Amino acid sequence: MEIALPIVLTPLDAEGNPYGQPVETRTRDVSADGVLVDAKISPDLPGLRISLPLPDGLPPFECAVRVVRQLGWGSGLRYSGISDDDRARLKAFVAETKHFQLLEEQDQREAI
């Protein structure tokens, strides 16, 4: 689902510890399986962790990710090792946001 949200990407070393500077960027697309971000991420990084605040009032969604796709302007990241509760939270967020986007599109069509 296309949506721009702030996201923080933290590089991890081979042991899973943060190293280097976190990168603050934006999402282009969010799903229950992964996220598309406005940042070129090297697929050679040993690891990467994201922090994604969702507008649901809960703490940011955080998990490890891996690079699965490089695009000219960004990177596709797949979540790894997320809990069932976090996946359900993401699915609920995506479904609710899609619902509101569809309602907005319908209102725009009816206004014409």
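Every number in this text was worked out from the coordinates using simple rules, so none of it is lab data. Keep in mind that this is a model prediction, so the values were computed, not measured. Every residue, glycine as well, gets a Cβ built from its backbone with ideal geometry; the counts of neighbours run over all protein chains shown.
Within the stretch 6-111, DSSP assigns beta bridges of which about 100% are antiparallel (rounded to the nearest 5). Only helical runs count toward this figure. For the chain, summing -39,500 (n - 2.57) over DSSP H runs of n ≥ 4 and dividing by all residues gives -9000 deg cm²/dmol at 222 nm. Against the compact-protein benchmark of 2.2 N^0.38 Å, the Cα-based radius of gyration of the stretch 6-111 scales to 1.18.
Stretching the chain fully between residue 102 and residue 73 yields a gain of 7.7 nm (0.36 nm per residue, less the alpha carbon separation). Taking other C-beta atoms within 10 Å as the exposure proxy, 33, 56 rank 56, 33 from fewest upward. Between 0 and 90 degrees, the angle of helix 84-111 with respect to the longest Cα principal axis of the chain falls at about 40 degrees.
Largest GNM mean-square fluctuation across 92, 32, 14, computed for the chain with C-alpha springs under 10 Å, falls on 14. When each of 69, 87, 109 is scored by the number of other beta-carbon atoms lying within 10 Å, the sequence from fewest to most is 109, 69, 87. Taking 0.36 nm per residue of sequence separation and removing the Cα-Cα distance, the residue 87/residue 56 pair yields an extension gain of 9.7 nm. In plain terms, the chain from residue 8 to residue 40 could stretch by 10.2 nm, reckoned as 0.36 nm per residue minus the Cα-Cα distance.
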